[in-house]
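Scroll down for the structure; my scribbles are underneath it.
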Amino acid sequence: MAQRKIATIVGSLRQGAYSRMMARALVELAPPSMKFTEVEIGNLPHYNQDLETDAPPAAWTEFRKKIIASDAVLFVTPEYNRSMPGALKNALDVGSRPWGKSAWSGKPAAVVSTTPGALGAMAANNHLRQVLYAVNLAAMAYPEAYIPAVATLFDESGTLTNADARNFVSGFLESFEHWIEHLLHHHH
Ligand SMILES: Cc1cc2nc3c(=O)[nH]c(=O)nc-3n(C[C@H](O)[C@H](O)[C@H](O)COP(=O)(O)O)c2cc1C
């Protein structure tokens, strides 16, 4: 099987983010056929159409290039006020322009939402997937990944130690790989 390049986008900007720990656990448990690279979003200026000139902000251009060079996109996000964090929505907007040249279009995607709380950041996950469809990112429908009580799943070094969570993540990755292969074979 060809090795697929997958851009990982983490919705939290903070150093100790549980969502980033989960993103790293996905990398740890992934088969060699899936090569994940985190693409930063914290350095992207707020989307402003006035800046969409022949020389847009360099950070926008770098971000768009990295997404275009990827075969698929994985989103791992916390929930802010029952939606996705603003930084993540901004990254989606930046990638979607200039008009007609969206970096996202046609790529397979998957979403994992995490929270130290009880509800699995389900609202963020569903809002995010709604936006992914709007930019023609093909978000995997099943299995859904709503991870509650995320703070209890890792040891002090940030390793995912909870056995049920490790099994779930492995199965999720297997499904995502099938989703990617299915879509890319149909498109290319
Ligand atoms: C502005 C803000 C809003 C939040 N709203 C929610 C929420 O709607 N649902 C939820 O489960 N947690 C909410 N939280 C708590 C986050 O889940 C918690 O801070 C989490 O650790 C953030 O993810 P991270 O660890 O990946 O940075 C909120 C946190 C912040 C800072």
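The values are calculated or read from the model by the stated rules, or taken from the named source; none is laboratory data. No experiment lies behind these values; they were computed from the predicted model shown. Here the Cβ is made from the backbone with ideal geometry for all residues, glycine too, and neighbour counts use every protein chain on show. Each accessible area value is taken on the protein alone, full model and side chains, heavy atoms only, with ligands, DNA and RNA left out. Shrake-Rupley method; radii C 1.70, N 1.55, O 1.52, S 1.80 Å.
With both labels modelled 7 Å from their Cα along Cα-to-Cβ, the Ala2 to Tyr142 distance reads 2.8 nm. Residue-wise HN-Hα couplings along region 15-21, as the Karplus relation 6.51 cos²θ - 1.76 cosθ + 1.60 with θ = phi - 60° gives them from phi, are 3, x, 4, 5, 5, 6, 4 Hz; Gly and Pro carry x. Each of Thr53 and Gln15 was given a label point 7 Å from its Cα along the Cα-to-Cβ line. The distance between the two points is 3.7 nm.
Residues in region 61-71 carry Karplus couplings, in order, of 4, 4, 4, 4, 4, 5, 5, 4, 6, 8, 7 Hz; the curve used is 6.51 cos²θ - 1.76 cosθ + 1.60 with θ = phi - 60°, and Gly or Pro positions show x. Ellipsoid semi-axes for region 77-188, based on the Cα gyration tensor and the rule √(5λ), read 26, 19, 11 Å when sorted largest first.
Around the Cα centre of region 1-99, unit charges on the Cβ atoms of Lys, Arg, Asp and Glu (plus for the first two, minus for the last two) sum to a dipole of about 320 debye. In the calculated pair-distance distribution of region 65-105, the portion above 15 angstrom amounts to 47 percent of the Cα-Cα pairs. Computed from Cα positions, the angle between helix 163-187 and the longest principal axis of the chain comes to roughly 30 degrees.
Once all protein chains are placed together, Trp179 keeps about 70 Å² accessible to a 1.4 angstrom probe. Here the 3J(HN,Hα) profile of region 73-89, calculated from phi with Karplus coefficients 6.51, -1.76 and 1.60 at θ = phi - 60°, is 9, 10, 10, 10, 9, x, 10, 10, 6, 6, 8, 7, x, x, 4, 6, 4 Hz, Gly and Pro shown as x. Computed over the chain with a Gaussian network model linking Cα atoms closer than 10 Å, the most mobile of Gly120, Gly11, Gly100 is Gly100. The residues of region 47-188 expose, per residue, 50 Å² of accessible area to a 1.4 Å probe.
Annotation: amide H of Phe154 within the under-5 Å range of Thr161, sequence separation 5 or more or interchain, hydrogens built in the peptide plane. For the chain, relative contact order (Cα pairs under 8 Å, six or more residues apart, normalised by length) works out to 23 percent.
Available extension along the chain between Arg82 and Thr152 is 23.1 nm, counting 0.36 nm per residue and deducting the alpha carbon span. Once the dipole of region 87-188 is set up with Lys and Arg at +1 and Asp and Glu at -1 on Cβ about the Cα centre, which of Val94, Asn125, Tyr146 lies farthest towards its positive end? Looking along the dipole axis, the top candidate is Val94. The amide H of Thr8, built 1.01 Å from its N in the peptide plane, has Thr37, Glu38, Val39, Leu74 as neighbours under 5 Å, considering only residues 5 or more places off or on other chains. Taken over the chain, the convex hull of the Cα atoms encloses 114 Å³ per residue.
Springs between Cα atoms under 10 Å define the GNM used for the chain, and in it the highest mean-square fluctuation of Asp71, Asp54, Asp93 occurs at Asp54.
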